[in-house]
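First the structure, in the form of structure tokens, and then the observations on it.
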Amino acid sequence: MTGAVVLLGGVLQEVTTRALWLAAIGVACVNLPFGFWRAGTRRFTLPWFLAVHAPVPLVVGIRLATGVAWRLTTVPILVAAFFTGQFCGGRIRVWRGRGLPPSP
């Protein structure tokens with residue numbers, strides 16, 4: 001499985017499709033607990049904002065660790081994985097019966 005050729009550290013490296021999907025799975029998994037947290041907060045409050053934006057540095061780290069560059073073909077997959085993790089984390093909170101009223 002081959003993918004795009006990108007410049008990393010001055011060296012051309014090939015980013016495989018496998019690396020992209022591995023990064024996407026990692027991004028979704030990292031966002032699960034943040035989505036769980038977000039589902040228990042009131043929308044547009046500081047805790048909600050943190051639950052949505054705190055995993056961004058982790059996502060960038062996953063992207064760099066797997067060698068996946070920001071390309072027109074990789075961004076939609078990683079963004080979809082980010083929101084999938086957030087959504088599934090929120091659903092887990094509801095399914096576990098912890099769908100308490102949003103905290104102030």
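Every number here is computed from the coordinates shown, using simple stated rules; none is lab data. No experiment lies behind these values; they were computed from the predicted model shown. In this analysis, Cβ positions are derived from the backbone assuming ideal geometry, glycine residues included, and neighbour counts consider all displayed protein chains.
Structure above, values below:
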{"item": "Dmax and Rg, reported as Rg then Dmax, of the range 17-95 (C-alpha, Å)", "result": "12.7, 38"}
{"item": "Segment Thr45-Thr73, length gained on full extension (0.36 nm per residue, minus Cα span)", "result": "6.8 nm"}
{"item": "Given charges at beta-carbon only (K, R positive; D, E negative), |dipole| of the range 17-95 in Debye", "result": "140"}
{"item": "5 angstrom amide H check on Thr41, placed H, neighbours 5+ away", "result": "Ser103"}
{"item": "Pairwise FRET efficiency - Val94 versus Ala65, Cβ, R0 = 22 Å, nearest 0.05", "result": "0.10"}
